Amino acid sequence: MVAGRIADNSFVRWFKRKFLTGLLVLLPTALTGYVLFRFFRWVDSILKPVTARHPYLDIPGLGFVAVIVIILLAGVLGGGFFGRTLFRWFEGGLEKIPMVRSIYVAIKQVSEVFLKQERTVFKEVVLIQYPRPGIYVIGLVTSTWRFRGAGGVEQDFVTIFLPTTPNPTSGLFLMAPRHEVIASDLSIEDAMKMIISGGAVVPPGHKHAAGGPEGADGA
């Protein structure tokens, strides 16, 4: 009896361990495939009004290819003088509409920050203490600013974008005195990986580099 119970418990533990391992292996792959499939179906349905009138154009993947072609054409046009002039005229029209202007400008700025190849908006990665002393967060420097008070006293500030986890397109705008900002050798890409993963993805060579706030202050 005792031996049978031990064997049953061993089997249950083995089954539970292997089952959880299987979930860890399959779940990310299955969810990623599902998300990509839904995205593909959504993009592919862009030609549905056309294929409803012309059934012979109802080819799987044609809508997806059409979207890629449209994006490429916009990129080609936007890189030329005529295209830039046309888009500038279009933007000028949108910016004259009160509600549309706010939405368009916000989306455009966020898109430029995260899609521009030069990545000129974010200068470097820094650490600052937020929301209280002793708690450190990763910030992305956007510019520097010299503030002059009413008494004529000047102070240098660093303007920082503080991304949120797991969606780095939203965040906070902070201004910190230069002497309170800790420089980092992290790249923008590595910092984004850490932020999106909630700290689970740490760049090689940085995993055990710092021993906490004291180690960071000493950097």
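The values are calculated or read from the model by the stated rules, or taken from the named source; none is laboratory data. Computed from a predicted structure; not experimentally measured. Glycine gets a Cβ as well: all are built from the backbone with ideal geometry, and neighbour counts include every protein chain shown.
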Could you list all residues from region 165-183 that are of a type in the set (Gly, Ala, Ser) and either outside the structural domain of VAL141 (by TED's automatic domain parsing) or under 27 Å from VAL153 (Cα atoms) (or both)?
ALA176, ALA183
Where ILE138 falls short, out of the listed (1) surrounded by 11 or more Cβ atoms within 10 Å (Cβ to Cβ); (2) farther than 30 Å from GLY75 by Cβ; (3) at pLDDT below 90
(3)
Checking LEU36 against (1) within 31 Å of the chain's Cα centre (by Cα); (2) closer than 30 Å to ARG101 by Cα, only one condition comes out false. Which one?
(2)
Residues of region 99-134 classified as at pLDDT 65 or above, surrounded by 11 or more Cβ atoms within 10 Å (Cβ to Cβ) and of a type in the set (Lys, Arg), total:
3
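Please find, among GLY75, GLY63, GLY79, the residue that is modelled with pLDDT of 75 or more, of a type outside the set (Lys, Arg) and farther than 28 Å from SER170 by Cα.
On the way: GLY75 fails: farther than 28 Å from SER170 by Cα; GLY79 fails: modelled with pLDDT of 75 or more.
Going through GLY75, GLY63, GLY79 in turn, just one is modelled with pLDDT of 75 or more, of a type outside the set (Lys, Arg) and farther than 28 Å from SER170 by Cα: GLY63.
Just for strands (runs of 3 or more DSSP E) wholly inside region 129-199: which have at least 2 residues that are without any contact (Cβ under 8 Å) to a residue 12 or more places away in the chain and out of contact with any Pro (no Cβ under 7 Å at 6 or more places or on another chain)?
Details: elements: 136-148, 154-163, 171-177.
Hits in region 129-199: 136-148.
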Flagged in region 172-190 as over 17 Å from ILE135 (Cα atoms) and touching a strand residue (DSSP E or B) at 6+ places or on another chain (Cβ under 6 Å), in numbering order, are ARG178, LEU186
Selection from region 165-191 of residues that are modelled with pLDDT of 85 or more and of a type in the set (D, E, K, R):
ARG178, GLU180, ASP185, ASP190
